Structures are given as C-alpha cells and as structure tokens.
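Accompanying notes for the structure given below.
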Amino acid sequence: MNTAGEPPPPFLRHTRTTRIVLEVLLKYPVMPLSGPWLREETELGSGTLYPILGRLEKAGWLTKTQEAFNPEGHAPRCFYRLTDKGRTRAREWVAETLRRTSGGCQP
C-alpha cells in the first residue's frame, strides 16, 4: 500500500532491476531520458530494461515520447520521463523495496 492507500499494480514486482530503473529515473525526475542512455546508466540489457519501462508506462508512472526526427539519420529514439504520480509512487516503491530486502531496517 502507498500513502494514498492504493496497492501497487500487480504487474510491478519488487525486484532489484525495477528498483535500479526507478532510482535512475528519480535522479532525473523531469528530464526525458532515452532508452539507450537508460541502458548504459542502469547497465541492464534491452531484454530487461524495456519490459520494465513498459510496465511502468502501463501503470501510469512513466510517459514515453518519440522524437519526430533524428538528426543523425538513425531511427527516431524514444524518451522516458516519470509522471507526477510516478515520482511519488516510485519514491514509495523504492523505499518499500529497500525495506523488504534489508530485513525491515530503514536505509
């Protein structure tokens, strides 16, 4: 449960990889971050990262926008950013995940 009394979406599991993604997104809460940049920053493979981003978007915690034109001639990139709801819920979720993995101790 969060402070609003809502349970987390059932498709968001308290995993180390989801926590890593959320922690990086929380470092840059209003900055649009590209998928390749997030892969590099989190050190997660695309097969791990993009499903997590999809689940966060489905939960309404994240928005995804695609650039209209890539000046380097590559395929347009997608950028991800936490929503207001996502920032609040991500902070709560990360804290809860840390409590669960530390045996109940506060970080």
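The values are calculated or read from the model by the stated rules, or taken from the named source; none is laboratory data. These numbers come from a predicted model, not from an experiment. Because the Cβ atoms are built from the backbone with ideal geometry, glycine has one as well, and the counts that use them run over all protein chains shown.
Of all residues in the stretch 14-47, exactly one satisfies the criterion of being exposed (fewer than 15 other Cβ atoms within 10 Å of the Cβ), basic (K, R) and in contact (Cβ under 8 Å) with a residue 12 or more places away in the chain, namely R16.
If you go through the stretch 51-80 and pick out every residue that is among the polar types (S, T, N, Q) and either in contact with a helix residue (DSSP H, G or I) (Cβ under 6 Å, 6 or more places away or on another chain) or assigned to a loop (DSSP other than H, G, I, E, B) (or both), you end up with 1.
Condition check for E96 on (1) in contact (Cβ under 8 Å) with a residue 60 or more places away in the chain; (2) within 14 Å of the chain's Cα centre (by Cα); (3) assigned to a helix (DSSP H, G or I): one failure, at (2). For first residues located in the stretch 80-92 and under 15 Å from K64 (Cα atoms) and without any contact (Cβ under 8 Å) to a residue 40 or more places away in the chain, partners that are crowded, with 17+ Cβ neighbours inside 10 Å and not hydroxyl-bearing (S, T, Y) and lie 6+ apart or on another chain with Cβ distances below 7 Å form the pairs T83/W61; T83/L62; K85/W61. Please verify whether the stretch 83-91 includes one or more residues that are among the polar types (S, T, N, Q), surrounded by fewer than 16 Cβ atoms within 10 Å (Cβ to Cβ) and in a helix (DSSP H, G or I). Yes, because at least one residue in the stretch 83-91 is among the polar types (S, T, N, Q), surrounded by fewer than 16 Cβ atoms within 10 Å (Cβ to Cβ) and in a helix (DSSP H, G or I). When the residues of the stretch 44-69 are filtered to those that are hydroxyl-bearing (S, T, Y) and out of contact with any strand residue (DSSP E or B) (no Cβ under 8 Å at 6 or more places or on another chain), the one that is farthest from L22 (Cα to Cα) is S46. When the stretch 81-107 is examined, which residues are found to be in contact with a helix residue (DSSP H, G or I) (Cβ under 8 Å, 6 or more places away or on another chain), among the charged types (D, E, K, R) and modelled with pLDDT under 80? The answer is none; no residue qualifies.
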